[in-house]
Structure formats: C-alpha cells, structure tokens
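All remarks here apply to the structure that follows.
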Amino acid sequence: MKIIYTDALIIGGGLAGLRSAIATTDKGLDTIVLSLVPVKRSHSAAAQGGMQSSLGNSVMGEGDNEDIHFSDTVKGSDWGCDQEVARMFVNTAPKAIRELASWGVPWSRIKMGSREVVINAQKTTITEKEEAHGLINARDFGGTKKWRTCYTADATGHTMLYAVANEAMRRGVVVEDKKEAISLIVDDDKCCGAIVRDLKNGGLIAYVAKGTMIATGGYGRIYKQSTNATICKGTGHAIALDAGAYMGNMEAIQFHPTPIVPSGILLTEGCRGDGGILRDKDGYRFMPDYEPEKKELASRDVVSRRMLEHIKKGKGVPSPYGDHLWLDISILGREHVEKNLRDVQDISKTFNGIDPADEGEKGWMPVLPMQHYSMGGIRVTPNGESINIKGLFSCGEAACWDLHGFNRLGGNSVSEAVVSGMIVGNYFADFCRDTDIQIDTKVIHSALKKQDDYLDNLLELDGDENIYDIKDEMRNIMQEKVGIFRNGKDLEYAVKRLKELLVKSKNIKVDNKHRLLNPQLEEAYKVPMMLKVALCVAKGARDRTESRGAHYREDYLKRDDANWLNRTISYWADESDIEPTIHYEEFDIMKMEMPPAFRGYGAKGNIIENPLSAKRQEEIDNITEANSDADRYTLQDAIMPYTLQPEYKRVNERLGDAK
Amino acid sequence: MSKTEDGSLGQQQEKIVDSQAKSVEKKESIGEGREITITSLKYNPSNPDSKPEFVDYQLRETPGMTLYIALTKIKATIDHDLSSDFVCRAGICGACGMLVNGKPQLACKTLTSDFESGKIDLLPLPTFKLIKDLSVDTGTWMKDMSIRVNSWIVANEETDISKMEKKIEPKVSEEVFELDRCIECGLCVASCSTAIMREDFVGAVGLNRVARFQIDPHDSRSDEDFYELIGDDDGIFGCMSLLACEDHCPKNLPLQSKIAYMRRKMVAV
C-alpha cells in the first residue's frame, strides 16, 4: 500500500486551496495540493463578474472603505454572518487585490476623463480624475453602496486563478491533479490526512499530513439546475461529515437571478451591474416596481424571489422549458458588450443563438434563477480550523467561517476565496509548523483497508436499484422541494424521501466489476456522499422556521431575530445513521458591531425583533459618542475588536490619503 | 412557440415584445428530435485486457443538445463505462477538447444540431497522453509547458500590498488581458504539426504565454531572458506557421500575430 507523508495536505486546487498552498510553502512546509482536475480548470475559473475590494479609485467608488464594505456584507448576509470574520475579510480584500495585481492579474484600469455609462437605464456621463488614471477600476454590483467590484471583463475568476496557479508554480507548490480524496484519516479525533483515489488508474493512496485542509468549493450539483461545474458535488463536505465534522448553515443556498435558460450557464451579475435590466413577457422593466431603491441591483436572494413572484403573476415568457424572463444588455451598446461582457456574448450566441449586443428585443437573453452558491459548509473558527476535529481546516466556498450568513453578495466569492486563502492559509501553516503528529501505521493501514473493502463491496452489490435514477431523483427533489420558496410540507417530504434514497443507494448494482477507471463505480460512491450533503440541506431547511436571506419559508415569512439568530450545525453522529443530527450555535447580539436591523431592500416589516438589538444599538451609540474625536479604526476597535495577522491588519492606503 | 404534429418542438419561438403586444419571431437552436449516432473510441490503456474499438451510440436529439448533454445521457443510460472530461460545461475551463469529426473542438460548446448528417465521430485529442476513451491528460502537458516557459511574473521589485497599486496604462492592461484569456484547452497543440513531430515543442499556448508576460509591465524580464526560454526549435523557431492553432482556438486569440511578434523579437536578440 502506498503512503505519502507531507506537512500540509490541501484538498482542492481552486483559488482558496492554491492561495493557502502559497502560504504554507512560504513558511517552508512540504505541501501537496490534490485536485480532481488540472487546477486551472477549477470552478474558480468560472467566476465572471468580479472581486469586491474597497479601493475606492473610481469616481463612482469615491469614499468607499472597509466600513462600507463591512456594512454591505452584513446586510447582504441578513445578519447571519460572523461579523468578526467580515471585518477580517474587508480589511484584507484590498491587500488581496494588490497582491494579485503584482502576480499579473490584468485588472481593468481607470482611464481619466469622461465616459458614458448606463445607470438606471439612462445614459449618464461620469468623469474620472487625472490622479486615478491607471489605478484599478470597479463596476457596480448588487447590494453594494459603491462601485466596488474590480474586474477583468467577465473573465475575472479565470485571470485570478491563472495568476495564483502560476505564482504557486513559481514558488514550487506541488500540485497533483486527477486525485480524489474519498475519506479522511482520523486518529483520536485528530485529522491526519486522507485516503485518495488516483483518477488516472483507480489506485488508492494514503496521504499522511500534520494538517489537512478542505478547499473543495460548493455543493451545487445536488440540485437539478445549477450554474456550478460538474465537479461541485460536495464530496469534500461528505468526507468531513464521515469524519464527524460539523457543518454550518447547510440550508443557506444561493439562487442566482440570471443563469441562461435552459443550459443553466451563468450570465454574470456584471450584466446588471453595468446597467442591464430585467424585462417580462410584455418587455416591461418590472424590478423598480418591487425594489424602488436598488431595482435590479438588490441582493441576489431578493432579486431571485421578485423574479419568481413576477412569473407567478403570469408575467413570465412561456417556453418549452417553462416560463422565464428576459435579461437585456443591448441597451449598453455593442462596444460595451463586446469589451466587458464578451464571455456572456459568447455563451448566449453559442448556446442560444442570440447576440445580446443586437439592439432591441432581438438581443434579449432568456434567464431564470437557479442554484449558484453554497453559503454553508464545514464549520470552522475564524482561523479556519474545524470546531470539532483537530487538524482539519477549511476555507473558501467549502467552509462556513462564516462570511456570508444567509446570502452572499456578488463579487464577494472570489474575493473570499483569495482572502481566506491568505488568512486561513497562514493560520493553517502555523498549525502545521507547530504540530507534530504521532500516528501508528496500523491506523493508516486500517483507514486504507476500509476504503479498499468499501469499493470492493460496492462492486459486489447485486441489488436492483439504479444509481443514476437515485441521483436524478435526489436532484429533482432538491430542485422542487428545497428551492427558492420553501415550506414545511415539501421539506418534510424531501427529508423522508432523501433518507429512503440513501438506503436504496446501498442496494444497487455496478455492471463492470473492475477497480480501474470505472465511471459507474465513481457514481456508486459519490451519490451516497451527495445524498448526505443534501440531507443536511433539507433537514436544516425544514427545521429553520423563519425566513432569512436566501432561506425563504412561505409558512414563516418573517426573519425571526428573537428565536433564530443562530447558526445551524449538522453532523453525522453515527456511521449507521441515515440523517444528520442538528443543533444550533447562538449569536451574541451584545458583541455585534451592527445589531440586526432592516437591510434596506426586500419586503419591509418582516422582522420579529430581538429586544437586545435596540439595547446593543444604544450601547454602540454611546461608544460612538464617547469616541467622537477618534479615527474610524479606533472607533471600530472600541465597538468590536477582532484578531487578524498583523500584516493583514495594516491600514490600506487609498487615493484620498496619498494626497 | 409552435409545435409540430408529433408534438416535438418547432424551430421558431414567439415572444411578445412590448405593451402593444407586437410579436416577433426568434430563432432558437432547437433540434428536431431526430435520431443521431455518436461514435466514440473506447480504450483503457491501464487495463491490459482493453483493446481499442469504436462504439456506436444511438440517441434521440433534444432541443439545444450539446455534446456534453449527449455524452452525459449516453453515460447514464447506454454505456456506464464511457469516460470523458467535462468540468464547467460552458466553454470557460477548457477541459473537454476532443476531435469531433476530425476537428479539435470543445465538446461542451458543440451543438449536435450543427451536424446535418446526424453522425458524429469522437476521438480523444492527439498529442496528449490518453487516460481512457475520450479523457486525456492535458494537466501534465500544460504543467510541463508552464515550467518550461516560466509562466509567471518575474518582478525585480517587492510589492507592499497595503500601499497603492502600481499604475498601469488602461490600454496595456487590456492587451495583457487579451492574451491572458487562453484556457489551456490544448486545441492549438492538438492541431499543430510541429507538436506531433517535436515532443517538447511548447505550442501556440506556450508562445502566447511568453508574449503575454513580455508585454506585462509587472514583469521585469528582458527579451534576452525570454530568448533563453524559447529561442530554439522547441520554442519560437519550431513553429512552421501553418496556423491551425489560430483556426481552432475557441477563444479566438490572435495567435498568428503574437507568434510572429515573438519571432521578430527573438530574431533581434
């Protein structure tokens, strides 16, 4: 049996995993990154619109800073996020983007002088200052007060991932692609590595490490319709669940307003950020009626719900794939589309035969909200370590540390991936450096043998269930019963049926009886993993009897701060269980920098208030008054102190300061 | 939308345009529901019992069907043992290159309706090591190439990430971005005659990468430095200017002009 020893094992080679690997390699640690695919094909590459970072260079971002980015993020999360983590994030994001620039991301740069932009469907002229010429530009995105989303056309994730992957290569990070972790090695409640399947020949290898990080992205593929890549199956979460690790807020699923119909390929929020609008079957722009202030640029959970609400009123466009709405970017003009939204144009032309730069209705693209992002994930502390398994770390979309609460803002995903790779990657490196492990080779061998036997057992099964049918039914259930609008009855059915499917998945038959590259065998071990993740989502959603962010209950319309200001923790208590066990982590309002309030968009008057919110606000008002002469950093520290590596806590320089 | 007699979907879709209910017709890439035949190579080099063979799969075309959708359907319902590489299925990640009726293409962006005969032959990309059936090892090839051409920024100054970023001319940043759009799909390599003859040739992907760093203001390397990397027959002088790379690039990169540009620069060194 093959055993490989290393200091730091990182599972997942997207932006978060690779940036973490740079951190560990920089501290002199032996590091191995495992990836299902060549790392430059990771799903980070599919992020289109941009990365939020409060540089405030553009005239439309003037006055932006960490405080405003923080406030937008907390409101976006519907007060579900960890505010200390949000502070760590907003203070590091400007550093992340400047680091990425130095590694070669060709960020769009500001050109001084006047140019025409489309704001609220009106052509408007904005004038960039001379001193901003050549600095990093930003576009508008949903749920933000300033133009804060930095970009490279609509291929931002691609250029970011290539820059980080190239830099990792320069620093000698060891990347092994076509390797899939199928189980964690746990000894005495400590994670000591993983059992890994080689996807080039089907062999099993044990990787033993002082610390193990899971950075495997989201679990969108448990839904029938998702913008996620085919590899986003949540297997990283499943192996952590099998090891007993706690998950956080798995029911917090984001549905993006504008994937194209029917393929479900994403059309970036940048379409609306740059001035694109949504239209109904009458060609009518309906969003201002629902959201007079933010219109198409309210947060994603709100826009998605408003779209479906409008379709329910009979205003959807009938099509062979059900009703949809239109996204119109033709009003931005051909030049803008071909320069800043060229992948959108390519996708629309290729898959739908529509050139979105064509003027008028000819260029409208059919869109419908679909699964897009997993706010939930492996529950970790602000430094990225699992709250119940020592030596197990997680960052990026895979983790719940928890930056996004119940709704993530557009542009905060790739930003989080890199920033968490910097912060958590460094804490992880410290852990690996300061930890010694003692592990009996017997433990490694038995972990290997367990997976070896498991795969053999799957091949020996002679049941009458079809694993592909089980997968299809799971994805349909998640789509129909655990979607944008949720209710107790549907969720109850979903939990019950998913449990049955999990049982059925042990009564299948694999036709080809070999352990080499065998796609059906892969389905046979992956689908039960996906079912466990799906059960965490469905049960968490069933039990959360309130509406918060993207979790919307038709039978509990209000955000319930009195009873539900908490985080859902789900885990597999026993290997033989067929559903997760759930408990809750309570929030402490009295420690928040921003106590719960109205978000500024979405339906009004839908909050069951917690009396502590007003009490804490009063306390904050007093602190603010007592510090009326202090700068914003001192004031922030007086309200909610937080810990962050000194190099990331430094003050970010901005155009205004440099004067 | 209109329906044909047998209930399958028609070619035209109608939509109501404005409050006057004026209607226009809109073409959608909707197929006929015809029977198509996809023929794929099947071979597993890691299995000593496996022999290369061609297998025909018959299936009914659905509206807007891509090769991703078709192969996913085949794998779930006809042949559970067929292997292929799909990741983003949106033409962004570059994983799914294969020969489609002899031409290197991204399978996820290929519509079955583009083939009038309804017959589609699939082969794995040449030049790359075959893993199984339609799945090839582009990762190792691209990693070797990237190390060979030092595919990263080499800077002679430290960046303090808490200070203002270096200013870059907007036009220059756009030019770098244009070349940075490469997705390492390998279609340029699979269509390249030199790559077939010379195992270590870096291909259009490698030469474009060097051109990208050559114009990047963050990179301090001189043309002499780049000459050290690609100034030989496995680099810029290996290219025979047949330019199938540019013909097949799914991102429409200006490979012809950038290879010519680099050759002029390297000849001058």
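The values are calculated or read from the model by the stated rules, or taken from the named source; none is laboratory data. This structure is a prediction, so every number in the text was calculated from the model and none was measured. Here Cβ is always computed from backbone atoms with ideal geometry, including for glycine, and neighbour counts include all displayed protein chains. Remember, those area values only see protein heavy atoms, side chains included, never the ligands or the DNA or RNA. Shrake-Rupley method; radii C 1.70, N 1.55, O 1.52, S 1.80 Å.
Summary of computed values
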{"item": "Inter-label distance for B:K103 and A:E619, nm, one decimal - labels placed 7 Å from Cα along Cα-to-Cβ", "result": "6.7"}
{"item": "Alpha-carbon centroids, the stretch A:290-323 and the stretch A:469-484: separation in whole Å", "result": "22"}
{"item": "GluC sites (Glu not before Pro) lying in DSSP loop within the stretch A:537-640, provided at most 10 other Cβ fall within 10 Å", "result": "A:E575"}
{"item": "Average beta carbon contacts from partner chains per residue of A:42-49, 10 Å cutoff", "result": "3"}
{"item": "Partner lysines for A:K649 [C-alpha distance under 24 Å; skip if fewer than 8 residues away on the same chain]", "result": "A:K27, A:K75, A:K95, A:K145, A:K146, A:K591, A:K659, B:K163, B:K166, B:K167"}
{"item": "Share of carbon and sulfur in the accessible heavy-atom surface of the stretch A:350-495 [1.4 Å probe, %]", "result": "44"}
{"item": "Buried area at the B-A interface (accessible, heavy atoms, 1.4 Å probe, summed, Å²)", "result": "6900"}
{"item": "Distance between modelled label sites at A:D189 and B:D56, nm, 7 Å Cα→Cβ extension", "result": "6.4"}
{"item": "Protection-proxy order for peptides A:481-487, A:122-128, each taking the mean of Cβ atoms within 10 Å per residue, highest first", "result": "A:481-487, A:122-128"}
{"item": "With every protein chain in place, chain B: carbon and sulfur % of accessible area (1.4 Å)", "result": "49"}
{"item": "With DNA, RNA and ligands ignored, accessible area of A:H514 (1.4 Å probe; Å², nearest 10)", "result": "40"}
{"item": "Burial order of peptide ranges A:451-462, A:306-317 (average beta-carbon count within 10 Å, highest first)", "result": "A:306-317, A:451-462"}
{"item": "Label-to-label distance, nm, for residues given as B:D223 and A:D242 (7 Å Cα→Cβ offset)", "result": "5.7"}
{"item": "Distant-in-sequence amide H partners of A:S183 (H built 1.01 Å from N, under 5 Å)", "result": "A:I195"}
{"item": "Residue-by-residue Karplus 3J(HN,Hα) for the stretch B:215-224, coefficients 6.51, -1.76, 1.60, Hz, glycine and proline x", "result": "9, 7, x, 6, 9, 9, 5, 8, 4, 4"}
{"item": "Tensor-based shape of the stretch A:148-230 (alpha-carbon gyration tensor, a/c under 1.5 rounded, otherwise prolate or oblate)", "result": "prolate"}
{"item": "Exercise: per-residue mean of other protein chain Cβ atoms within 10 Å, A:349-362", "result": "4"}
{"item": "Built amide H within the under 5 Å cut-off of A:G13, gap 5+", "result": "A:L36"}
{"item": "Exposure ranking of A:Y207, A:Y427 by accessible area [1.4 Å probe, largest first]", "result": "A:Y427, A:Y207"}
{"item": "Relative contact order of the stretch B:102-154, defined on C-alpha pairs under 8 angstrom at six or more residues apart (%)", "result": "20"}
{"item": "Reachable lysines from A:K2, criterion Cα separation under 20 angstrom, eight or more residues apart if same chain", "result": "A:K178, A:K179, A:K200, A:K210, A:K442, A:K449, A:K450"}
{"item": "Global geometry of the stretch B:174-269, whether rounded, prolate or oblate, following the gyration tensor of its Cα atoms and the 1.5 cut on a/c", "result": "oblate"}
{"item": "Solvent-accessible ranking of A:Y642, A:Y284, A:Y219, largest area first, probe 1.4 Å", "result": "A:Y284, A:Y642, A:Y219"}
{"item": "Qualifying trypsin sites (Lys or Arg not before Pro) in the stretch A:569-612, DSSP loop, other Cβ atoms within 10 Å at most 13", "result": "A:K604"}
{"item": "Whichever aspartates and glutamates have a C-alpha closer than 16 Å to that of A:K558, once near sequence neighbours (fewer than 8 apart) are set aside", "result": "A:D78, A:D301, A:D543, A:E546, A:E609"}
{"item": "Residue mean of other protein chain beta carbons inside 10 Å, A:32-38", "result": "3"}
{"item": "The protein assembly as shown: calculated mean residue ellipticity at 222 nm from DSSP helix runs of at least 4, using -39500 (n - 2.57)", "result": "-10500 deg cm²/dmol"}
{"item": "Area of A:C232 that stays accessible when all protein chains are in place (1.4 Å probe, Å², to 10)", "result": "10"}
{"item": "Cα-based shape type of chain A, given that a ≥ b ≥ c are square roots of the gyration tensor eigenvalues and the cut on a/c is 1.5", "result": "rounded"}
{"item": "A:R170 - accessible surface, heavy atoms, 1.4 Å probe, Å² rounded to 10", "result": "110"}
{"item": "Sequence of A:H336, A:H324 from largest to smallest accessible area, 1.4 Å probe", "result": "A:H336, A:H324"}
{"item": "Within the stretch B:74-108, backbone nitrogen closer than 20 Å to the virtual label 7 Å beyond the Cα of B:S117 toward Cβ", "result": "B:98-107"}
{"item": "Over chain B, relative contact order from alpha-carbon pairs under 8 Å, at least 6 apart, %", "result": "14"}
{"item": "Loop-located trypsin sites (Lys or Arg not before Pro) in the stretch A:33-87 whose Cβ has at most 13 other Cβ within 10 Å (DSSP)", "result": "none"}
{"item": "DSSP-defined antiparallel bridges as percent of all bridges, the stretch A:1-141, nearest 5", "result": "65"}
{"item": "Cβ-derived FRET efficiency at R0 25 Å, A:F598 paired with A:N487, nearest 0.05", "result": "0.55"}
{"item": "Alpha-carbon centroid distance for the pair the stretch B:159-192 / the stretch B:208-269, whole angstrom", "result": "14"}
